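For reference, the structure is listed below as structure tokens.
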Amino acid sequence: MLSLGTLCWAGSERQDAVDRLSNAAKVLHEIMAAPDQRISEEIMKRAKCVAVIPHLMKGGFVFGAEHGKGVATCRTAKGWSAPAFIKIAGGSWGTQIGVEAVDLVMVIKSNKGMQKLLSSKFEIGRDASVAAGPVGRHSSESTDLKLDTLILTYSRARGAFVGATFAGALVRADNNSRHAMYGPRVTTRATLLGRVAAPAAAQPFLDAVRGAKVQAIVETAKK
């Protein structure tokens, strides 16, 4: 019975990981398909890592909270790495009420920012500088103003796509999902550094990341 329960848990965790990869791919495709509201092409060309947290839950009454699970990939010498699984959680204070699901995209811009993602956990804003990312085709001025920022964040809720910092949220490795997808011996660091082969289930997400970068280059060439 114990073995059967373990197998069922592993199967459920793996399916959750597969679904998350699929949802992350969908989010990125939809964001980049909106010419006037997508992530800046300049940002995508410089991206060192890209993380997507689909359906991040935000809500509360006076006290706020947010929680979600996502995936991340980093640029390596051989292309984009196999996705790592991450979790994000945080709190806030202010006048707020209600609950909503938010799609969050984080673009890590440098090796220094990548090192934060490679660590076991980090706090957005405190451990890694953050800014709401510029959107649309004509955002070069805003991009230049954020050159020293390690992470640019974007969020989309109820069909609207707007910049948001999510400062104070804690990002950490999702060990259960990683173990279910890659096995117990694979680390988040090994995954993001390209030392692990990407599973077939990860291809739609990686294609979305590659497609976003290609689309950014094409748009730049048209100018």
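Quick notes on this one:
- Any chance residue 99 is under 17 Å from residue 156 (Cβ atoms), in a strand (DSSP E or B) and at pLDDT 95 or above: no
- All positions within the stretch 183-201 that are over 16 Å from residue 87 (Cβ atoms), of a type outside the set (A, V, I, L, M) and buried (at least 17 other Cβ atoms within 10 Å of the Cβ): 194
- Qualifying residues in the stretch 80-96 (those that are assigned to a strand (DSSP E or B) and modelled with pLDDT of 95 or more) - the one farthest from residue 182 (Cα to Cα): 80
- Among (1) modelled with pLDDT under 90; (2) crowded, with 21+ Cβ neighbours inside 10 Å, the one test that residue 168 misses: (2)
- Test: residue in the stretch 202-217 that is buried (at least 17 other Cβ atoms within 10 Å of the Cβ), over 26 Å from residue 82 (Cβ atoms) and modelled with pLDDT under 60: no
The values are calculated or read from the model by the stated rules, or taken from the named source; none is laboratory data. On a predicted model such as this, the values are computed, not experimentally measured, just so you know. Glycine gets a Cβ as well: all are built from the backbone with ideal geometry, and neighbour counts include every protein chain shown.
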